[in-house]
Amino acid sequence: MTDERPATVQKPSPSAAGRRWWETLRRVPPIFVVLLVICVWISFLNPRFATVPGIMSFLMRAAPAAILAAGQLFVIVSGGFDLSVGSLITLVVLGSSMLIGGDPANTPWVIAVMFLIGIAVGVFNGAVTSWLKVPSFITTLGMLVTLKGFALLWTGGAPRGALPNNFRVFGRNRLSGVPLLDEVPYAVIILLVVAVVATYLLHRTGWGKQLIALGDNPRAARLSGVPTAKVRILAFVASATSAVIAGILLGGFSGVSTNVGDGQELGAISAAVLGGAKLLGGRGTMPGAIAGALTLQALFTLLNLLGWPKPLRDGLQGVIIIGAVAYTAWRERRS
Amino acid sequence: MSAPVNRKPKRAGLPPAFLFLAGAFVGAWVLVSLFGRGQFLTAANITNIFVRSVALGMVAVGQSFAILGGSIDLSVAHLISVTAVMTSFIMQGDPANIARAIAVVVAIGLGVGLLNGLIITKLRVNSLIATLGTGLFMQGLLSTSFQNFAGAVAPEFEVLAYGTWGPVPIPVVMLAVVVALGALVMHRTRFGAHLYAVGGNAEVARLSGLRTDRVLIVAHVITSFSAVLTGLFIAARLGAGAPWVGQDGVYDLESIAAVVVGGTALAGGRGGVLGTLAGVLIFSIMDAMFNQLGTGAFLKQVFRGFIIIAAVASYSFRSKEEVG
């Protein structure tokens, strides 16, 4: 927990203040340091990155992955996995383009339908895991296969139709006339809202604490009266909802394609783990998970600037997630 | 404890997955006879079901070892791609290179398995992340070096995929040998017994004096080796390997699905290779059935996901434990 500040603050002497600064700095999770280093490095290679528009475009590109990581973290701290989010993204993008059918007037209710589909998928994942005792890895793996199949069945296997402008606006347009910042992409505003709400839900509500307790020790949590099924189902609903949001942003940003969601689930899990979350539950912070997703995106940007081809970038990502988890495990053993 | 339980060691009983296998078989037979094109129960069709099972079957047998030990291997699909590409690249259509190609890919496979095992046991990295990482790394190197089908296998090597031994296709013989060897190692060797112990409860196994790290490392080497076998088979079948053949087959998730449908617990310690074979055959029967019913690939996929969930639910729903 990071919220262990003393209730009363004494007037510090200068050296004590310095020490407190150092203590606070030391408690900053390493992922933020890594993110900062990478961003500074990028700014050296491309000075435009360190301007307001540069940061905004970066955040806009990172927003879907960061939102997905935030949703995934709810499931991970509860001790589970949600592998179905990638296919759910594909379903949202393909399904929206099918249902809207080129008529922008359909966009509002189609978006509502997508959220309902997401909630249904989340409830299904959570209910099967809680009541039929199927490990969530398998439940959501089954959903991954089924949802992808369903999305392709719907469109006949090829991307069909196009998304109208009033759908794509969330993923690719900017709000202009913002004081100080001038233009802010809608995706960044959505990311900010999701980040604040998710941080509040995980770290400031009873549900969030029950979720962490459930992941830390499921039996103890159940015996101490945590309604485990309800708590877990809500976690999967949160994850699925984040996938719907990410799907709407990705559909807006890059248009209709059948592989838009492929592999996104593993990216989200990697981001959460980079941000200090422990697989199989009990530990993880929302700012960390979001910083993990931003770090992955920043790393790709950096390697791109350095001229690395895409496959090698993916390869390095593999080394980095192993390194990060090994480092965390090593630090844990040492303390 | 309540009523005394008769704990006769259960031996050689067929896993419950075979009940589902029989059900799937009869169901497919009936459905195809009623609504499908042609006959279901023909020698050609049955052979086809087995041949279809070979690629997934071999790697799934290996995956059973990782999962039984309470671990998992997501890198197999990428290792399959590496194997297929390296096999045809080294062979360049010349039979004189067959031995060298096989030696190289087997060495790569053993190395990858060793690396996976060491990262998981010595660096204490969760197996999912460890093998996701090594898989991404391998795929990165492979896709940077090769963009398309590379080289060609020797015509003699294609026997592995297309040859027959009397009436039996060689691939089916291969699968049978792999399953038999896997079952032998799992059920009749000391290593197999240790693997069950480690998968059941690693801490207890360690306190009882087992070298749990070593057991898990060997399990991962076996898993990787089985992926190499699948890669060799795919290279023989396609005539050459391309850097996407493993991912296209979704061998990572499909092999895990086959293992758990076969009754091996994802948490480890329970299950076995024979169940995995049943799981793989169930998938192949469903594929054959959907083909003959003419429903198309996507509806098949929709059902497959539910079948995975339903099969595992049938083993797990009585459990009183919390699962995450």
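A short reminder: the numbers here are calculations on the coordinates, not readings from a lab. Note that the structure is predicted; figures quoted are calculated from it, not measured. Cβ atoms come from the backbone with ideal geometry, glycine included; neighbour counts cover every protein chain shown.
Quick notes on this structure:
- The percentage of C-alpha pairs in the protein assembly as shown whose separation is greater than 36 Å is 41%.
- Order of B:I119, B:I80, A:I89, B:I90 under a 10 Å beta carbon neighbour criterion, fewest first: B:I90, B:I119, A:I89, B:I80
- Net charge over other residues, Cβ less than 15 angstrom from the Cβ of B:V218 (K, R count +1; D, E count -1): +2
- Dipole magnitude (debye, nearest 20) for the protein assembly as shown, charges at Cβ of Lys, Arg, Asp, Glu: 1800 debye
- For the range A:180-322, the alpha-carbon radius of gyration amounts to 1.19 times the rule-of-thumb value 2.2 N^0.38 Å expected for a compact globular protein.
- The label-point distance for A:W21 and B:E321, in a model that sets each label 7 Å from Cα toward Cβ, rounds to 5.1 nm.
- Average beta carbon contacts from partner chains per residue of B:121-132, 10 Å cutoff: 6
- Per-residue shielding of B:236-244, expressed as the average number of other chain Cβ atoms within 10 Å of the residue Cβ, stands at 0.
- Shape summary of the range A:54-334, radius of gyration then Dmax from alpha carbon positions: 18.6, 60 Å.
- Every helix of 4 or more DSSP H residues in the protein assembly as shown counts as -39500 (n - 2.57), and over all residues that averages to -24000 deg cm²/dmol at 222 nm.
- Of B:F317, A:F167, the sequence from fewest to most neighbouring Cβ atoms within 10 angstrom is B:F317, A:F167.
- Among A:P135, A:P64, A:P104: highest mean-square fluctuation, GNM of chain A, C-alpha pairs under 10 Å: A:P104
- Placing +1 on the Cβ of every Lys and Arg and -1 on the Cβ of every Asp and Glu, with nothing else charged, gives chain A a dipole about its Cα centre of roughly 860 debye.
- Three-way shape call for the range A:150-229 based on the alpha-carbon gyration tensor, with the a/c threshold at 1.5: oblate
- A viscosity of 1.306 mPa s and a temperature of 10 °C, combined with the Kirkwood radius over C-alpha pairs in the Stokes-Einstein formula, give the range B:183-307 a diffusion coefficient of 96 µm²/s.
- For chain B: Kirkwood Rh in Å [reciprocal of mean 1/r, alpha carbons]: 20.4 Å
- The mean number of partner chain beta-carbon atoms within 10 angstrom of a residue's beta-carbon across peptide A:152-159 is 3.
- Sorted by Cβ neighbour density within 10 Å, fewest at the top, the residues A:T51, A:T258: A:T51, A:T258
- With the highest mean first, a sort of the peptides A:21-34, B:218-231 on other beta-carbon atoms found within 10 angstrom per residue produces B:218-231, A:21-34.
- Cut-off 20 Å (backbone N to label point 7 Å along Cα→Cβ of A:V169), residues of the range A:59-90: A:60-61, A:64
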